[in-house]
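The values are calculated or read from the model by the stated rules, or taken from the named source; none is laboratory data. This is a predicted model, so every value here is computed, not measured. Note that we place each Cβ from the backbone using ideal geometry, even for glycine, and neighbour counts take in every protein chain shown.
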There are 4 protein chains.
Amino acid sequence: MKVGFIGLGNMGQGMAHNLLRAGHHLTVYNRTRSAADSLAQAGATVADSAAAAAQGVEVLITMLADDEAVSAVIFGHDAAPGALSTLSTEAVHVSMSTVSVALSQRLAAAHAAANQAYLAAPVFGRPEAAAAAKLWVIAAGATEQIDRCRPLFDAIAQGVFAVGDEPWTANVVKVAGNFMIFSMLEALGESFALMQKSGVSPELFLDIINTALFKSPIYQNYGSIVVQQRYEPAGFKLKLGLKDVRLAIAAAEEAVVPMPLASLIRDHFLAAIARGDGEIDMAAIARVSEVNAGLSTGPRQGE
Amino acid sequence: MKVGFIGLGNMGQGMAHNLLRAGHHLTVYNRTRSAADSLAQAGATVADSAAAAAQGVEVLITMLADDEAVSAVIFGHDAAPGALSTLSTEAVHVSMSTVSVALSQRLAAAHAAANQAYLAAPVFGRPEAAAAAKLWVIAAGATEQIDRCRPLFDAIAQGVFAVGDEPWTANVVKVAGNFMIFSMLEALGESFALMQKSGVSPELFLDIINTALFKSPIYQNYGSIVVQQRYEPAGFKLKLGLKDVRLAIAAAEEAVVPMPLASLIRDHFLAAIARGDGEIDMAAIARVSEVNAGLSTGPRQGE
Amino acid sequence: MKVGFIGLGNMGQGMAHNLLRAGHHLTVYNRTRSAADSLAQAGATVADSAAAAAQGVEVLITMLADDEAVSAVIFGHDAAPGALSTLSTEAVHVSMSTVSVALSQRLAAAHAAANQAYLAAPVFGRPEAAAAAKLWVIAAGATEQIDRCRPLFDAIAQGVFAVGDEPWTANVVKVAGNFMIFSMLEALGESFALMQKSGVSPELFLDIINTALFKSPIYQNYGSIVVQQRYEPAGFKLKLGLKDVRLAIAAAEEAVVPMPLASLIRDHFLAAIARGDGEIDMAAIARVSEVNAGLSTGPRQGE
Amino acid sequence: MKVGFIGLGNMGQGMAHNLLRAGHHLTVYNRTRSAADSLAQAGATVADSAAAAAQGVEVLITMLADDEAVSAVIFGHDAAPGALSTLSTEAVHVSMSTVSVALSQRLAAAHAAANQAYLAAPVFGRPEAAAAAKLWVIAAGATEQIDRCRPLFDAIAQGVFAVGDEPWTANVVKVAGNFMIFSMLEALGESFALMQKSGVSPELFLDIINTALFKSPIYQNYGSIVVQQRYEPAGFKLKLGLKDVRLAIAAAEEAVVPMPLASLIRDHFLAAIARGDGEIDMAAIARVSEVNAGLSTGPRQGE
């Protein structure tokens, strides 16, 4: 298929390469052009603008950091018209970024007004999974559009979940999924602080609960990061964790759902950022519990 | 080995039977004598009192509901002297109940004063696991005592974790493990409420996060209970959940560790009990999020 | 002085009348024109648009419900240019509404770019205080502008606090002040629930703490509303309470300050709204504690 | 009246002196005898034990630090029988300490069994108020006993509130009153952190909210302590604040009332103690918000 692909960060790189490998024709665009070099070598066409990347394609994929970045490339601004203005009426925009429900609804309305199709299809998986075509796609929107994009999803993911007709519901699922992970980290952080002050090794505690109770690779992975304080380099920056829990809270507020655990996580992310941990891995939310237990005054490792 | 076994409830039944099956000699005691019938048939001696069950044994195991029950059988009272008074100085008391750190410390002191050995060895696993000899034992105390009891642990469990020399540390690990499960339930409850009000099926959401993220049987099991509202019969009563999170909070207070998520869980257990859900499964903590989201006023299923 | 006044709701009515009484020349504008009738009778000129109300005045006062309303009248939209486009470069815009820090910063930038002056001057006081010229003004911005507007503030308020050079700081003070009141209500709500379930009259408890501890008219007033369940007619709607605590949380997030009590209040406002209490007095946040204590399933009084 | 008075700490000293001044005959007892010197000079008889202080009196007043201290003097132990054993059947025990509902109920039962009368009559007021006979008494129990003790209350207090027939209800009111003060401190702490990071002086903010909103001496007093960081010498130690909020939470748990704000306060007291602030004034709970906002790593003033 002819695909426009905007956003060649940690995630987008791997995804775009996998699409090329699967035989699709890619026109890629990234604000920092150098990120497109390896894709150009692999056969992608490099566009000079978001609008150019959207021109003439069947499917436009966006994989960007946040609401602002997606808005900028789709709606453009004075100097640079966005992809909305060039995307053909036959085409579908597949928004794979983790963005707000509000933006997803705005995109749905704008594309509908322009007679373009629109899917929200955020993904679960870290950059390694993106590189290995092992993502999970959470797709929402018209069934025929999901079916149309399935070959693309198959090229980047190990599975697709279709969650509904309303694109924004996929965004809700994505941010709630991230909230589930943050919840696990908060629970681990509090337990580890208790273990440390009780003279039990957090590593042993992690081993026990994961062997006897959870049997979950993600408990093992994140738990190990915390136990070993491997917060750098960040797999997923703590300040992005704040962004995501904020999206969950905003979605819940829209739906009139109190989520006190989400509020607690948000406040702990803020405390971590206030202390200077915004750029290290989000698993460092566990350090807030350490600091509150008097185990550390919170300067980062190595400082 | 010659073993005294006190407490033949849902958990104790299965454990005692497995000890018999492994060839150990059991003297059992339960406040309600009828609970001992099937064990008598299987070859156990039935004692008339806790003190009698402790007499002449090498190992005394207690598996009871709470601090009060354990105190009663060990320390006794005016009319009935406790097991402490009859246990020989060669013997070891293995306390497998989920009790407070404070009681565990009091038991350690009392047994030491009586020249008796003491282990805390609470278990992870529900009644089915107890019946199937698939528990996990968290043991703490003197290494030689743990080694001495290993044949017994092997008869009831699929594994033993030795966590330290201080018996009470095993109790901390146990209540923190339960806190981890409660945390999962709280996170699921909040997410499910968000899903319902967003028009996404909680069942689908559970399937997504467990396939793409957690891959954990315990998420699957508890998640299904909530999704299907299978709160009766209770696998583990909600009011016992309150007891256990209270133990975690008490242990944390002793160690001067704030655990705000544990506080949140405690407050939600209380809200559930105030609404009349104390006797149904603890997974019903998820209903607090439903009620707070206006999805239910909280009368129990079937009322 | 020649004053433009936009926003003639519960608060604005009284304020505008008091300005007229003090001898100022008013051009007023309200979306619903009938709200201007009594002011017209009292000598005010009625404008047809926000832009018209701003034309030729020395001071433009806005007193509106929320960010959206203020943005609409200042920035306008396609069909209707806003006050920004007609306000003279000699003039100052005094924004007295309770709005976000973000909007206040945007207004500051826009007015600066248009060579207009700008003050944020939100007020404390309910409609009765506005009618009685008994408000308190929290002003921030250039000192000479505050001095210039002092005769206007004197006509509507019993006092003015100047809090800084940056206009947005007045908005932070305002929303934090409201947060202090919400905190009082939450504390009262939890205590009253405890009293009820302990068989002590909440009214007596209120009397005790206000006599022995707080000696505060505002504890007395709000406490009585809760004790007597006088939630209708709403003095200040609960859904506006949610708006205001959200503004406090947003300001705190901008400043990287976790405010867990604000988060708790927000979640309780949401629970109240989910249950149908959004349109009654914000003091009904106390009912969330009642519902959580099983004292009520939360249908509104009279239903 | 013939009065036994046990507990001559900061509070008890002033109270006992005021009873003497009002013409009552006092027999006093304090664990550390030197605390009784000034009372002996003023005419009190000094007893050698709690049991001796209770002998032959009409009214026995206890004013001690906590549950443990009250239990020790009333119930005694092996070496030293308690006041319960010597108090005449005509006499009434007036427990004025801040103790748990559970202990108050235990005292009620024990005195009833001994045919002695019992009132719970905790007080509001700090040591200065005790010295100036300006306390407030919260009394509960049989009306005739409250009437009988009124001359004593009048000698030490500016007022008496009778809250019910069940003595323990007075203890609930007392701990809930303290909870109200802690809530105020938490709200101030969060707001002050926001002010500091927004460039507004907390002192000015305090002045604004107390002038425009609360008009409360207690907001002024505690607010000033925080603003000026006058945490030493402690008027009321933070670790005692933890004790008191724990009593409120225990009373609420007994009544099945979730109090999430009390939980939040408890967790912040714990965080403060973990950081080393247990011995300074409880107003230092405000520092937790400072630390969480990155304004301080929390070492105490002067370190």
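All told, C:Arg230 meets the bar of being surrounded by fewer than 22 Cβ atoms within 10 Å (Cβ to Cβ) and away from chain B (no Cβ under 12 Å). Of all residues in segment C:49-81, those being surrounded by fewer than 21 Cβ atoms within 10 Å (Cβ to Cβ) and touching a residue at least 40 places away in the same chain (Cβ under 8 Å) number 6.
The requirement of being within 23 Å of C:Phe192 (Cα to Cα), within 14 Å of chain A (Cβ to nearest Cβ), touching a residue at least 24 places away in the same chain (Cβ under 8 Å) and in a helix (DSSP H, G or I) is satisfied by D:Leu261.
Only one residue in C:Ala157, C:Ala140 is hydrophobic (A, V, I, L, M, F, W, C) and within 18 Å of C:Val175 (Cα to Cα). Which one?
Details: C:Ala157 fails: within 18 Å of C:Val175 (Cα to Cα).
After applying the criteria, what remains is C:Ala140.
Would you say B:Lys243 is part of a helix (DSSP H, G or I) and farther than 29 Å from A:Asn221 by Cα?
On the way: part of a helix (DSSP H, G or I): yes; farther than 29 Å from A:Asn221 by Cα: yes.
Here the answer is yes, as B:Lys243 does meet what is asked.
Being touching a residue at least 40 places away in the same chain (Cβ under 8 Å) and facing chain B (nearest Cβ under 9 Å), is that true of even one residue in segment A:200-222? Within segment A:200-222 (the criterion being touching a residue at least 40 places away in the same chain (Cβ under 8 Å) and facing chain B (nearest Cβ under 9 Å)), the answer is no, since none of the residues qualifies.
Here is a list: C:Thr143, C:Thr169. Which entry is within 21 Å of the chain's Cα centre (by Cα) and either polar (S, T, N, Q) or at the interface with another protein chain (Cβ under 9 Å from one of its Cβ atoms) (or both)?
On the way: C:Thr143 fails: within 21 Å of the chain's Cα centre (by Cα).
Exactly one of C:Thr143, C:Thr169 is within 21 Å of the chain's Cα centre (by Cα) and either polar (S, T, N, Q) or at the interface with another protein chain (Cβ under 9 Å from one of its Cβ atoms) (or both), namely C:Thr169.
For (1) touching a Phe, Trp or Tyr at 6+ places or on another chain (Cβ under 6 Å); (2) farther than 24 Å from A:Tyr219 by Cα; (3) of a type outside the set (Ser, Thr, Tyr), each residue gets a yes or a no:
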site	(1), (2), (3)
B:Ser201	no, yes, no
B:Phe214	no, no, yes
B:Asn221	no, no, yes
B:Gln228	no, yes, yes
B:Ala234	no, yes, yes
B:Ala250	no, yes, yes
B:Val256	no, yes, yes
B:Ala262	yes, no, yes
B:Phe269	no, yes, yes
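Evaluate the following for D:Ala271: is it under 18 Å from B:Ala250 (Cβ atoms), at pLDDT 95 or above and within 10 Å of chain A (Cβ to nearest Cβ)? Yes, satisfied.
If you take just the helices (runs of 4 or more DSSP H) that sit entirely in segment D:1-112, which of them hold at least 3 residues that are in the same structural domain as D:Phe124 (by TED's automatic domain parsing) and either within 22 Å of D:Ala170 (Cβ to Cβ) or not aliphatic (A, V, I, L, M) (or both)?
Hits in segment D:1-112: D:10-21, D:37-41, D:67-75.
Yes/no per residue for (1) surrounded by 21 or more Cβ atoms within 10 Å (Cβ to Cβ); (2) at pLDDT 95 or above:
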site: B:Val92; (1), (2): yes, yes
site: B:Ala112; (1), (2): no, yes
site: B:Gln116; (1), (2): no, yes
site: B:Arg126; (1), (2): no, no
site: B:Lys134; (1), (2): no, yes
site: B:Ile138; (1), (2): yes, yes
site: B:Glu144; (1), (2): no, yes
site: B:Val160; (1), (2): no, yes
site: B:Glu166; (1), (2): no, yes
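Here A:Ala130 meets each of (1) within 16 Å of the chain's Cα centre (by Cα); (2) surrounded by fewer than 23 Cβ atoms within 10 Å (Cβ to Cβ) with one exception, condition (2).
Going through B:Gly235, B:Gly298, B:Gly278, B:Gly223 one at a time, which residue ends up being under 27 Å from C:Gly294 (Cβ atoms), in a loop (DSSP other than H, G, I, E, B) and modelled with pLDDT of 95 or more? Show your work before the answer.
Details: B:Gly235 fails: modelled with pLDDT of 95 or more; B:Gly298 fails: modelled with pLDDT of 95 or more; B:Gly223 fails: in a loop (DSSP other than H, G, I, E, B).
Just a single option satisfies the conditions, and that option is B:Gly278.
May I ask you to list the residues in segment C:146-161 that are assigned to a strand (DSSP E or B) and either more than 19 Å from C:Val101 (Cβ to Cβ) or more than 9 Å from chain D (Cβ to nearest Cβ) (or both)?
Restricting attention to segment C:146-161, the residues satisfying the condition of being assigned to a strand (DSSP E or B) are C:157-161.
Selection gives C:Ala157, C:Gln158, C:Gly159, C:Val160.
Applying the condition of being in contact (Cβ under 8 Å) with a residue 40 or more places away in the chain, in a strand (DSSP E or B) and not aromatic (Phe, Trp, Tyr) to segment B:113-130 and asking which residue is farthest from the other protein chains (Cβ to nearest Cβ) yields B:Leu119. Return yes or no: is D:Ser88 at pLDDT 95 or above, polar (S, T, N, Q) and under 14 Å from the mean Cα position of the chain (by Cα)? No: the conditions fail for D:Ser88. Which residues, counting only those in segment B:30-48, are crowded, with 21+ Cβ neighbours inside 10 Å and under 19 Å from the mean Cα position of the chain (by Cα)? The one that is crowded, with 21+ Cβ neighbours inside 10 Å and under 19 Å from the mean Cα position of the chain (by Cα): B:Asn30. Cβ-Cβ under 8 Å, sequence separation 6+ or interchain: first residue in segment A:241-257 and within 12 Å of chain B (Cβ to nearest Cβ), partner of a type in the set (Ser, Thr, Tyr). Which pairs? Correct list of pairs: A:Leu247/A:Thr98; A:Leu247/A:Ser100; A:Ile249/A:Ser263; A:Ala250/A:Ser100; A:Ala251/A:Ser100; A:Ala251/B:Ser198; A:Ala255/B:Ser198; A:Val257/B:Ser289.
Among all residues of segment B:43-53, there is at least one that is of a type in the set (Ser, Thr, Tyr) and under 20 Å from B:Ser71 (Cβ atoms).
Looking at this structure, is C:Ile225 facing another protein chain (nearest Cβ under 7 Å) and either touching a Gly at 6+ places or on another chain (Cβ under 6 Å) or without any contact (Cβ under 8 Å) to a residue 60 or more places away in the chain (or both)? Outline the logic, then answer.
Numbers: facing another protein chain (nearest Cβ under 7 Å): no; either touching a Gly at 6+ places or on another chain (Cβ under 6 Å) or without any contact (Cβ under 8 Å) to a residue 60 or more places away in the chain (or both): yes.
Considered against the rule, which asks whether it is facing another protein chain (nearest Cβ under 7 Å) and either touching a Gly at 6+ places or on another chain (Cβ under 6 Å) or without any contact (Cβ under 8 Å) to a residue 60 or more places away in the chain (or both), C:Ile225 comes out as no.
Would you check if there is a residue in segment C:167-183 being among the hydrophobic types (A, V, I, L, M, F, W, C) and without any contact (Cβ under 8 Å) to a residue 12 or more places away in the chain? Give the steps one after another, and end with the answer.
Of segment C:167-183, the ones among the hydrophobic types (A, V, I, L, M, F, W, C) are C:168, C:170, C:172-173, C:175-176, C:179-182.
Checking the rest, the ones that are also without any contact (Cβ under 8 Å) to a residue 12 or more places away in the chain come to C:180.
Checking segment C:167-183: at least one residue is among the hydrophobic types (A, V, I, L, M, F, W, C) and without any contact (Cβ under 8 Å) to a residue 12 or more places away in the chain.
If the condition is being facing chain A (nearest Cβ under 7 Å) and either in contact with a strand residue (DSSP E or B) (Cβ under 7 Å, 6 or more places away or on another chain) or closer than 24 Å to B:Gly125 by Cβ (or both), then segment B:172-199 contributes B:Val172, B:Val173, B:Ala176, B:Gly177, B:Phe179, B:Met180, B:Ile181, B:Ser183, B:Glu186, B:Ala187, B:Gly199.
Does C:Leu206 fit the bill of being buried (at least 20 other Cβ atoms within 10 Å of the Cβ) and either small (Gly, Ala, Ser) or touching a strand residue (DSSP E or B) at 6+ places or on another chain (Cβ under 9 Å) (or both)? Steps first, please.
On the way: buried (at least 20 other Cβ atoms within 10 Å of the Cβ): yes; either small (Gly, Ala, Ser) or touching a strand residue (DSSP E or B) at 6+ places or on another chain (Cβ under 9 Å) (or both): no.
No: the conditions fail for C:Leu206.
For segment C:234-256, the criterion of being more than 22 Å from C:Asp66 (Cβ to Cβ) and either outside the structural domain of C:Asp67 (by TED's automatic domain parsing) or not basic (Lys, Arg) (or both) is satisfied by at least one residue.
It is to be established whether one or more residues within segment B:186-197 are of a type in the set (Phe, Trp, Tyr), part of a helix (DSSP H, G or I) and touching an Asp or Glu at 6+ places or on another chain (Cβ under 8 Å).
So in segment B:186-197, the residues of a type in the set (Phe, Trp, Tyr) come out as B:192.
Remaining after also requiring part of a helix (DSSP H, G or I): B:192.
If we keep only those that are touching an Asp or Glu at 6+ places or on another chain (Cβ under 8 Å) too, we end up with B:192.
The answer is yes; a qualifying residue exists.
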